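> Below are the structure tokens for one structure; questions will follow.
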Amino acid sequence: MERIFISSLVRGEIAEIRTATRAAVESLDMRPVMFETQPASAEGSRRALLDQVGTSDALLLLVGAEYGEPGERGISPTEEEFQQARDRGIDVLALVQEGIEREPAQQEFLARVRGTWERGNFTANFTGPDDVALAAVKTLSAWQRGRAGGDPMPAAVERALELARGPGQSGVMYGGSKLRVVATPVLNTPLIDAVALRDPDQLLGAAANAARASGLVSHQMGIQTAVDRDRLLLTAQGGGRGGSDLNLAVGFDGSVVGEGEVGGDQMGFGGMIVRADRARDVIDRTARFAQQVWQAIDVRDEIRDVLLTAAVPEASQKGWVEEDPGNSMSMSMRMPHVLIAPEQPMRVRRADLDQPGTLDRLHAELRRAFELAGGVQQRNPRGF
């Protein structure tokens, strides 16, 4: 039986929230460990409670409005328990209360918790005692499934990079100038199984609707759909500026691949550039595409965090520009055939995937990759 340490303040509304959380833990046949469940101890109460953190399987952190009174170490008891779990390698599952005004110290603590996200922590949101139990059950269930299957991160990284590279080989012409954006959930189990595939038309229809709603595919474009070995394929016919097709996909593991045209408008050089504004637009639309796809296929609300990366096919023939370069272009000999940025995919919370900060960061990583390869073009003020 897993031992779940419940960490938070004990006073005010949060005490009622703790009670509901305890019931949620017990409903999953797990053992809640908290101040209320501990017997009297001859040791100092803080020391005895901190020792319980180290013997637990996970720490369930309830982040409300108040930070709490700092102790001898200058931090609150809740943060001390968080640090103890982190130092001992105990999984941290954070439930963050929304719709409240947080104390500045608590907001800073929350930033520190989320700053350790890439080390394997999980977070979810709730509003109060009425819905915290559901958030706890979902979070603990996802954590338990992840433990049963081992660490899903290495396989997710490999999958994201495989999709970013795409099916083409050096020398294959894609047509136009395109950006491919990949969002891969960090999961051990597939989201689309044999049962769901009994009615593939429904899945394909939902994916096509999401592609149109996100703006990746206009309502005037035709979409050809198919089921491959491990993914749903969507081809927007003539979606590129030069009339080339756009290829989108939804993997059975929940991976989403978006694609969009990012070249210029002028003849000749249009297919040799990646325009910054159009790249940012494709990143934004793909994030919206992914969120809408997951609403349709993630029926158990399993996705907690996601790997995000972008790729430019035939990058060796392209340069990054802030605006169309006029009548001259210089080529970098250091550009790879397929440029991937970042090379180690970004790990972000699902809730943050389509937030401006996340999208700006991926856009900056893409520009930086061009810059490091000498592929950022500077416009000649004379236009040649």
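> With a point put 7 Å past each Cα toward its Cβ, work out how far ARG212 is from GLU2 in nm, to one decimal.
4.1
> Okay, moving on. Work out which trypsin sites (Lys or Arg not before Pro) in the chain are exposed loop sites (DSSP not H, G, I, E or B, at most 13 other Cβ within 10 Å) and give the longest gap free of them.
My reading of the result: 74-228 is the longest stretch.
> Further question on the same structure: Pick the calculated Rg and Dmax of the Cα atoms in Å for this structure from [x] 24.2, 82; [y] 23.7, 71; [z] 33.9, 136?
[x]
> Long-range amide H contacts for ALA124: which residues qualify at under 5 Å (H placed 1.01 Å from N, peptide plane, sequence gap of 5 or more or a different chain)?
Amide H neighbours of ALA124: ALA94, LEU95, VAL96.
> For an R0 of 35 angstrom, estimate the FRET efficiency from the Cβ-Cβ distance between VAL137 and ARG73 and round to the nearest 0.05.
With R0 = 35 Å, the Cβ-Cβ based efficiency is 0.60.
> Pairs of alpha-carbon atoms within less than 8 angstrom and 6+ residues apart define the contacts here; what relative contact order does region 154-372 have, in percent?
25 percent.
> Would you work out which of ALA24, ALA341, ALA85 lies farthest towards the positive end of the dipole of the chain? Charges go on Cβ: Lys and Arg +1, Asp and Glu -1.
It is ALA341.
> So, one more: Give me the one-decimal nm value for the distance between modelled label points at ARG145 and GLU323, 7 Å along each residue's Cα-to-Cβ direction.
5.0
> Based only on other Cβ atoms within 10 Å, what is the fewest-to-most ordering of THR78, THR21?
THR78, THR21
> Right, another one. Rg to Rh ratio, region 3-148, alpha-carbon atoms and Kirkwood radius?
Using only Cα positions, Rg/Rh for region 3-148 is 0.92.
> Enter the angle in degrees (range 0 to 90, nearest 10) between the Cα long axis of helix 276-297 and the first principal axis of the Cα atoms of the chain, meaning the one along which they spread out most.
50
> Separate question: Helix 45-54: angle to the longest alpha-carbon principal axis of the chain, degrees 0 to 90, nearest 10?
Value to nearest ten degrees: 40.
> With Rg and the Kirkwood Rh both taken from Cα atoms, where does Rg over Rh land for region 249-301?
1.16
> To the nearest 10 degrees, how steep is helix 104-115 against the longest Cα principal axis of the chain, on a 0 to 90 scale?
Between helix and principal axis, roughly 60 degrees.
> Another one. So how do LEU197, LEU233, LEU308 line up by other beta-carbon neighbours within 10 Å, fewest first?
Taking fewest neighbouring Cβ atoms as first place, the list is LEU197, LEU233, LEU308.
> Only helical DSSP H runs with n ≥ 4 go in: add -39500 (n - 2.57) per run for the chain, normalise by residue count and round the 222 nm mean residue ellipticity to 500 deg cm²/dmol.
-11500 deg cm²/dmol
> Roughly how many debye, to the nearest 20, is the charge dipole of the chain about its Cα centre, given +1 on each Lys and Arg Cβ, -1 on each Asp and Glu Cβ, and no other charges?
With only Lys, Arg, Asp and Glu charged at Cβ, the dipole is about 1080 debye.
> Continuing with this model, one more query. Write down the percent of antiparallel bridges among all DSSP beta bridges whose residues are both part of the chain, to the nearest 5.
60
> Spin-label point model (7 Å from Cα, Cβ direction): what's the ASP199 to GLN224 distance in nm?
The answer from the label model is 2.7 nm.
Values quoted throughout were computed directly from the atomic coordinates according to the rules given, and no laboratory measurement underlies them. Since this is a predicted model, take the numbers as computed values, not measurements. Counting neighbours? That spans all protein chains shown, and the Cβs are built from the backbone with ideal geometry, glycine included.
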